[in-house]
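> Please find one structure pasted underneath; my questions will follow.
The values are calculated or read from the model by the stated rules, or taken from the named source; none is laboratory data. Note that the structure is a prediction, hence the values are computed from the model and not measured. Glycine gets a Cβ as well: all are built from the backbone with ideal geometry, and neighbour counts include every protein chain shown. Each accessible area value is taken on the protein alone, full model and side chains, heavy atoms only, with ligands, DNA and RNA left out. Shrake-Rupley method; radii C 1.70, N 1.55, O 1.52, S 1.80 Å.
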Amino acid sequence: MEINLISDTVTKPTPEMLKAMMNAEVGDDVFMADPTVLALQEKIAALFGMEAGLFFPSGTMANQTALKLHTQPAEQVICDKWAHIYNFEGGGPSFNSGISCNLIDGYRGMFTAQQVLERINDKNNIHTPITSLVEIENTTNKGGGACWDINEIKKIRKVCDDHKLILHLDGARIFNALVAKNESPKEYGKLFDTISICLSKGLGAPIGSVLVGTHEHIKKSLRIRKLFGGAMRQVGYLAAAGNFALDHHIERLADDHRRAKELGEALEHCRFVKEVEPIETNIIIFYLNDLISQDDFVSYLKSKNILLISMGEGKMRMVTHLDFTEAMLKVVVDTLKSM
Ligand SMILES: *Cc1c(COP(=O)(O)O)cnc(C)c1O
């Protein structure tokens, strides 16, 4: 039995999800004639209280489309130094949109309204790039699944309104945040101009993200998605997995969060572990002490069929997900205890 804690993207469709995919009614989505895709887009948009949604093959493409939608070349987006759009999207902001990132030195991938204020460039100064956009990530990936305080987001929204800035949410793991904090998607829909939501992370679909926003935003995004090569044909087979996930895999995220906390406790008692970061959702970040090297730790666990990765800067990461069961949790905890 292989136990894969590398990412929540490693899940495979459940038999029920596969059945829903097989039975999907499809059409050519480039002509907007795939009923399953249309249903998914409407469903997520309604969930967040937004006007419209658009299905994408990846979260990267959904985020990059949002950046292109909201900016002109030479402008600037304010985001955290750990932001996915800056670190893990292949240099997309500069390549796709010709924009730069103005990085905030935040805490676990999160920042304050005051820090945003300090980064906004003066529109009348011809030397500095025009600030057009603020980007937030919830939960934060590199920040270890940390959840934002919605009151701080409200303050950032106010700063954006005062300075005529757009606010985009990278909500790859927004459902983890909503479940952990017992908040509603509609509250988030009210605060952001656009939100990207991953179906292929905690929700367990094999592929797909949705961007939600106004009719106007989504109309423009259709053209950008085409330009990026993301217009797909009978893609309802994949959207069906997303629809299934929204119906069946949201509440169970609480199980992932509980298992992550239990793993964290086991790690804290492991004599090789120096520190475990606070665990709020399904990501566990921890640091090893001098008794063992990262490579030895990873390869020992690999010899026990337990997979995890290092994120650099001495950070080790484990992520719980739909395919990580209670029985697997017990195996990992016992293995850590016996090390
Ligand atoms: C996974 C992830 C994405 C999207 O990644 P894809 O692999 O392109 O779907 C975007 N933002 C964050 C924070 C992520 O963790």
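> Could you provide, to the nearest whole Å², the per residue accessible area of the chain with probe 1.4 Å?
About 43 Å² of surface per residue is accessible.
> Rounded to the nearest angstrom and ordered from largest down, what semi-axes does the equivalent ellipsoid of the stretch 197-312 get from its C-alpha gyration tensor (root of 5λ)?
Values for the stretch 197-312, descending: 38, 17, 14 Å.
> As an exercise, identify the GluC sites (Glu not before Pro) in the stretch 278-339 lying in DSSP coil whose Cβ has no more than 15 other Cβ atoms within 10 Å.
Glu313
> While we're looking at this one, here's another question. Could you name the lysines whose alpha carbon sits less than 29 Å from that of Lys304, not counting residues in the same chain fewer than 8 places away?
Straight-distance partners of Lys304: Lys12, Lys142, Lys201, Lys261, Lys274, Lys315, Lys330, Lys337.
> Next question, about the same structure. Which is the longest part of the chain that has none of the trypsin sites (Lys or Arg not before Pro) sitting in a DSSP loop with at most 10 other Cβ atoms within 10 Å?
1-163
> Something else about it: Using a 1.4 Å probe on the protein heavy atoms, what percent of the accessible area of the stretch 15-248 belongs to carbon and sulfur?
In the stretch 15-248, the share of accessible area belonging to carbon and sulfur is 55 percent.
> When the helices in the chain are scored as -39500 (n - 2.57) per DSSP H run of 4 or longer and the sum is shared across all residues, what 222 nm value do you end up with, to the nearest 500 deg cm²/dmol?
-12500 deg cm²/dmol
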